[in-house]
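To keep things clear, I will list the structure first and then write my remarks on it.
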Amino acid sequence: NRPKFVLILIMQGKMLDLVFAVDDPVQWHTLNLRMNPAHYSGLRWLGPNPIAAIQRYPAAVYYNTLVKADSQTMMKYGVVSVEDLCDDLVNWRWLYASGRLHKPVVILEGDAVSDRDEEEDPDNHIRRIQSALTANLKSASLCSVLLLSSCDAHVFTAYELFTTVAGLSYKGDFRMLIGEDKRKVDNIVKPLLKQFEELYSAPLQSIAEKTPDGLYRKRDRVTLETCFDQLPLCVRERVTSGATLQSAISSIVMSSSIRQSLKGILTAGVKKTIVYSAEKIAKMLKSMRT
């Protein structure tokens, strides 16, 4: 049987960045190992069941990187179960896949769980993911506006708002200290500012209003206290334990980024890890010089 999946394009540039949200990771890896064994590191010799088990380790995404899409384009692609993806999108369990999906993305291909009508099928991939994506965008809007307001910013520009949105999943990421372009968030937002505004137009309506001169301003009724129940579960748990909103987000990102990076050494293999890390560090040094 053909594995059921939804394919999401995260970013298109020098390297394609794709995510496969799959219904059955074991079945998906079984077929992919048969068709594309060279995409995997030495873990391929363990077989699909151990690979799917490693995938579940935080942040629940299995990445194959430095894969040739064609003669001129490289790509990396992650594999995540629909269940784990929706958990991260709604609850910010790891703020990893959910953080990547704070940006404008394209759903390239969907394959429903069954051929039944969508209304009769509660597990329809696209419907479940779209619902979770909507919740994720609303959470990103709320957290970003609250963070900006906590810095005494009564009004803020679209650029300030969406660099805060895009930067949520980098707060606490150890790779931002060494290995990432220091202008990464700026480089994401600047060319896509219009797309960000379109994407967040609906989620922001109840959170911030747009002034006549095009600035954003938090609605008066929006505070951490009044909107606490609307925050993602894993953020609420940390705030309840005494963390600030920013430190709650940072602690989620730090934990998942460290564990996902360690897992990446296994899933990419030593050679690809060295090449990939060298490219990242080169970008970082270049950004520091300019």
Residue-averaged [θ]222 nm for the chain, counting only DSSP H segments that reach four residues, each worth -39500 (n - 2.57): -14500 deg cm²/dmol
Positive-end extreme of charge dipole, the chain - chosen from GLN27, TRP94, TYR40 (charges on Cβ): TYR40
Positive-end residue, the chain charge dipole about Cα centroid, Cβ charges, pick of VAL235, GLY13, SER131: GLY13
Ratio of the Cα radius of gyration of the chain to 2.2 N^0.38 Å, where N counts its residues: 1.02
Debye, to nearest 20: dipole size of the chain, +1 on Lys, Arg Cβ, -1 on Asp, Glu Cβ: 1480
Portion, in percent, of the accessible area of the chain that falls on carbon or sulfur, probe 1.4 Å: 56
Bins of 5 Å, starting at 0 and running to the largest distance - Cα pair percent for segment 41-109: 4, 14, 21, 23, 18, 14, 6, 1
Net charge of Cβ neighbours under 11 Å - reference CYS227; Lys, Arg +1; Asp, Glu -1: +3
Of LYS190/LYS271; LYS76/LYS263; LYS171/LYS263; LYS68/LYS171; LYS182/LYS218; LYS68/LYS138, pairs whose Cα-Cα distance is over 24 Å: LYS190/LYS271; LYS68/LYS171; LYS182/LYS218; LYS68/LYS138
Per residue accessible area in Å² of segment 34-106, where ligands, DNA and RNA are left out and the probe is 1.4 Å: 42
Ordering of 216-223, 197-204, 18-25 by burial proxy (mean other Cβ atoms within 10 Å per residue, highest first): 18-25, 197-204, 216-223
Most mobile listed residue (LYS184, LYS76, LYS271) in the chain, GNM with C-alpha springs under 10 Å: LYS271
Residue order for TRP92, TRP45 - accessible surface, 1.4 angstrom probe, largest first: TRP45, TRP92
Surrounding net charge for THR134, when Lys and Arg each add one and Asp and Glu each subtract one, Cβ distance under 13 Å: +3
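The values are calculated or read from the model by the stated rules, or taken from the named source; none is laboratory data. As the structure is a computational prediction, the values presented were derived from the model and not from experiment. No Cβ is skipped: glycine too gets one built from the backbone with ideal geometry, and neighbour counts run over all protein chains shown. These accessible areas exclude ligands, DNA and RNA; they are computed on the full protein's heavy atoms, side chains included. Shrake-Rupley method; radii C 1.70, N 1.55, O 1.52, S 1.80 Å.
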